[in-house]
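Written below as C-alpha cells is the structure these notes are about.
A short reminder: the numbers here are calculations on the coordinates, not readings from a lab. These numbers were taken from a predicted model, which means no experiment stands behind them. Ideal geometry is used to build each Cβ from the backbone, glycine not excepted, and the neighbour counts take in all protein chains shown.
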Amino acid sequence: MNIPELEALKAVAKTGSFMRAADRLGMSQPGLSRQIQRLERELGI
C-alpha cells in the first residue's frame, strides 16, 4: 500500500465516481482503476 493508492481511494470516495476522481487526480480512468485494484489485492478485498 502506498500514498498514491490511498489518494486514489480518497478521491473516488469524495467524488463518488471513478471518472471524476481520475480527472481530479490528472490521470486516466483505467489507470485509476488499476491503482484501486492493486489496493484491493493488498487488502484482500
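Which of the residues that make up the stretch 11-22 are surrounded by 13 or more Cβ atoms within 10 Å (Cβ to Cβ) and assigned to a helix (DSSP H, G or I)?
Ala11, Val12, Thr15, Phe18, Arg20, Ala21, Ala22 - these are the residues of the stretch 11-22 that are surrounded by 13 or more Cβ atoms within 10 Å (Cβ to Cβ) and assigned to a helix (DSSP H, G or I).
Annotation note: Cβ proximity below 8 Å between a residue of the stretch 1-26 that is more than 14 Å from Leu39 (Cα to Cα) and a residue that is among the β-branched types (Val, Ile, Thr) (sequence gap 6+ or interchain) occurs for Phe18/Val12; Phe18/Ile36; Ala21/Val12; Ala21/Thr15; Arg24/Thr15.
Given the criteria out of contact with any helix residue (DSSP H, G or I) (no Cβ under 8 Å at 6 or more places or on another chain) and either assigned to a helix (DSSP H, G or I) or among the aromatic types (Phe, Trp, Tyr) (or both), does Glu5 qualify?
So Glu5 fails the test.
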